[in-house]
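Chemist: Here's a structure for you.
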Amino acid sequence: MSGMHQPVTQKPLDNAADSAPVLHVIDFEDVALSREGAKLVVEGARAIVRQFMPAADHENLTPAQAIALFIDQVFWEEGSGGLIMCADMPGTSLCLPVPKGHWTVRDDLGQVQ
C-alpha cells in the first residue's frame, strides 16, 4: 500500500488555471459523429429528457432529435481532442463530452466564402 502515498518532495499543483481546458467554438453543422458518438448523444439526450421533460417519451427519441438537443453550443477541446456538445436548459447548460475518435470535422463542407 505504500504506492498510494505521494513523496513529500513532490511539487504541488500549480495554479488551477494552468490546467483549464482550451475550448474552441465549432459549428454543429461541421461535425460528423461516429456511430458510437451518436449513441453517446442519444443516451445523454434521453437522460436530459427524463429529468427535464418527464412527460416526453424518452425511449423513442430519434438520433436526430437527440443531436438537435445538444447543438446550442459545440466546442472542440484542444487538450483531449474531444468534442463538448451543450444543451441550454432553463437556468443552466448541460454539456456532453464526446471523446476524440468518436467525432470528426466533416470533409464535405463545400466552398467556403
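Chemist: Filter segment 95-104 down to the residues that are part of a strand (DSSP E or B) and either acidic (Asp, Glu) or open to solvent by less than 70 Å² (accessible area, probe 1.4 Å) (or both), then identify the one that is farthest from Ala47 (Cα to Cα).
Modeler: Checked segment 95-104; the qualifying residue farthest from Ala47 (Cα to Cα) is Trp103.
Chemist: Still on this model: In segment 56-94, which residues are part of a strand (DSSP E or B) and over 17 Å from Ala38 (Cβ atoms)?
Modeler: Gln73, Phe75, Trp76, Glu77, Asp88, Met89, Thr92, Ser93, Leu94, listed by residue number.
Chemist: Further question: Suppose we filter segment 14-55 for residues that are assigned to a strand (DSSP E or B) and open to solvent by 70 Å² or more (accessible area, probe 1.4 Å); how many remain?
Modeler: The qualifying residues number 2.
Chemist: Among the residues in segment 73-90, are any among the β-branched types (Val, Ile, Thr) and modelled with pLDDT under 95?
Modeler: No, every residue in segment 73-90 fails to be among the β-branched types (Val, Ile, Thr) and modelled with pLDDT under 95.
The values are calculated or read from the model by the stated rules, or taken from the named source; none is laboratory data. For clarity, every value in this text was computed on a predicted model and none was experimentally measured. Cβ coordinates were reconstructed from backbone atoms using ideal geometry, including for glycine residues, and neighbour counts include every protein chain displayed. Accessible surface areas use protein heavy atoms only, side chains included; no ligands, DNA or RNA. Shrake-Rupley method; radii C 1.70, N 1.55, O 1.52, S 1.80 Å.
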